[in-house]
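One structure is given below, encoded as structure tokens.
The values are calculated or read from the model by the stated rules, or taken from the named source; none is laboratory data. In this text, all values refer to a predicted model and were calculated from it rather than measured experimentally. So basically every Cβ, Gly included, is an ideal-geometry build from the backbone, and we count neighbours across all protein chains shown.
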Amino acid sequence: MISLVIPVHNEAPVLPLLLDRIGSASRAWNDEYEIIFIDDGSTDASLSILLSASDRDPRIHIVKLSRNFGHQPAITAGIQQASGDVVVILDADLQDPPEEITRLLEKWREGYQVVYGVRTGREESLPKRTAYSIFYRILHWISDFDIPLDSGDFCLMDRKVVDALNVLLPERVRFVRGLRAYVGFKQTGLIYKRGARAAGTPSYTFKSLLKLAIDGLFGFSMVPLRLASYLGFFIAIPSFLVGLYFIIIRIFNVSVFGHRAAETPGLAALAVGLFFLSGLILIILGIIGEYLGRIYIEVKRRPPYVVDFVHSTGTRKAQSALQMERV
Ligand code: UDP
Ligand code: MG
């Protein structure tokens, strides 16, 4: 059985089209499937469209979150509710074509446990494309393990991988594509063309994209935290050497390049001292930050999302209580 996990935030214009496209694409699968829509606090007609679709089709299940928690928490809610042997995550706006699921499934049958979509030819504005490209490259460069370039959330995951994500990774900040890379297993990429959204407007604003990027960079690397220490050494060591130079020319009263200590006003010594001390403070701040960052993340034990209700006319029962325990 295949579970499709689809986060939805104000996607009313595109939902009928999406259901149509999934319906026709599913003929190629020959497998049973369920669709888990996560309504992430939509304020338009999305929820009512989904509820009536679910009333007509017992394979469609709705998880309504209590407010807008964001794309990543919505995906997390979805994969925690999914009961399939494989779980496919895709966006509601048809940027991830449902027809590609057939190819994901082929790879899974070949034995891959994670098949992630690698985007080529994004139909997006140049600044957005450039920003994405730079972000993925920095992330790839500074993360402690291999996060594949240009791979978003569109992917297929085997039950084993989903269980690992749900049970073994209790962290609160869910950067799903990073966690997916972290858990390992047999992974492969599949190149696909990420189209423009079929209708409606993107929910991601510049601010939420920036937050996603920061979650990715800070959640999967200690490099930013160490930056303060590196910077400290960078400033402190040259300052120390310059200070040493001033001391030497004063003690030995030598002239270097015609420059005598007696001619050096006290200002220079002051400036050197200031930079040296600032450098030291940054080093120490960096060390404290290293610990603080780890403690901060562990201590805030808030759930990534809260479920309002699970709606389904099929036989499956709500798993939310069970999931709450797991998280
Ligand atoms: N989405 C969500 N919650 C949000 C923002 C987005 O569930 O707070 C969903 C949205 O409905 C879509 C997917 O996440 O299915 C991707 O969002 P969007 O198309 O706005 O992002 P982009 O394609 O620009 O990355
Ligand atoms: Mg989109």
message: So, in region 202-217, exactly how many residues are under 17 Å from PRO127 (Cβ atoms) and in contact (Cβ under 8 Å) with a residue 12 or more places away in the chain?
response: 6
message: If I filter region 77-96 down to residues being away from ligand 1 (no atom under 13 Å from the Cβ) and not in a helix (DSSP H, G or I), which single residue comes out as farthest from SER151 (Cα to Cα)?
response: SER83
Every residue from region 1-17 that is over 18 Å from ALA198 (Cβ atoms), hydrophobic (A, V, I, L, M, F, W, C) and either within 16 Å of ligand 2 (Cβ to nearest atom) or in a strand (DSSP E or B) (or both): ILE2, VAL5
query: Got at least one residue in region 174-194 being within 16 Å of ligand 2 (Cβ to nearest atom) and assigned to a loop (DSSP other than H, G, I, E, B)?
result: yes
Candidates ASP146, ASP153 - the one that is charged (D, E, K, R), within 16 Å of ligand 2 (Cβ to nearest atom) and outside any helix (DSSP H, G or I): ASP153
- prompt: Among the residues of region 49-61, is any within 16 Å of ligand 1 (Cβ to nearest atom), over 16 Å from ASP91 (Cα atoms) and among the basic types (Lys, Arg)?
  reply: no
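For region 206-218, name all the residues that are of a type outside the set (D, E, K, R) and within 15 Å of ligand 1 (Cβ to nearest atom).
PHE206, SER208, LEU209, LEU210, LEU212, ALA213, GLY216
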- prompt: Can you name every residue in region 39-65 that is farther than 19 Å from ILE79 by Cα, assigned to a loop (DSSP other than H, G, I, E, B) and of a type in the set (D, E, K, R)?
  reply: ASP44, ASP57
- line: ASP20 passes all but one of the listed conditions (1) more than 24 Å from MET157 (Cβ to Cβ); (2) in contact (Cβ under 8 Å) with a residue 12 or more places away in the chain; (3) more than 16 Å from ligand 2 (Cβ to nearest atom); (4) part of a helix (DSSP H, G or I); the exception is number (2)
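Can you work out which of the residues in region 104-118 that are touching a Phe, Trp or Tyr at 6+ places or on another chain (Cβ under 8 Å) and away from ligand 2 (no atom under 16 Å from the Cβ) is farthest from VAL14 (Cα to Cα)?
Ranking the candidates gives GLN113 first.
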query: Is it true that ALA12 is small (Gly, Ala, Ser), within 15 Å of ligand 1 (Cβ to nearest atom) and surrounded by 14 or more Cβ atoms within 10 Å (Cβ to Cβ)?
result: yes
message: Condition check: more than 16 Å from ligand 2 (Cβ to nearest atom), more than 18 Å from TRP141 (Cα to Cα), of a type in the set (Gly, Ala, Ser) and part of a helix (DSSP H, G or I). Does GLY232 satisfy that?
response: yes
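Among SER221, SER203, which is more than 16 Å from PHE145 (Cα to Cα) and either within 16 Å of ligand 1 (Cβ to nearest atom) or buried (at least 18 other Cβ atoms within 10 Å of the Cβ) (or both)? Steps first, please.
Numbers: SER221 fails: more than 16 Å from PHE145 (Cα to Cα).
Sole residue among the options that is more than 16 Å from PHE145 (Cα to Cα) and either within 16 Å of ligand 1 (Cβ to nearest atom) or buried (at least 18 other Cβ atoms within 10 Å of the Cβ) (or both): SER203.
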task: Quick one: count up the residues across region 117-130 that are surrounded by 14 or more Cβ atoms within 10 Å (Cβ to Cβ) and either modelled with pLDDT under 80 or of a type in the set (D, E, K, R) (or both).
output: 5
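Would you mind stating whether LEU47 is at pLDDT 90 or above and buried (at least 18 other Cβ atoms within 10 Å of the Cβ)?
Here the answer is yes, as LEU47 does meet what is asked.
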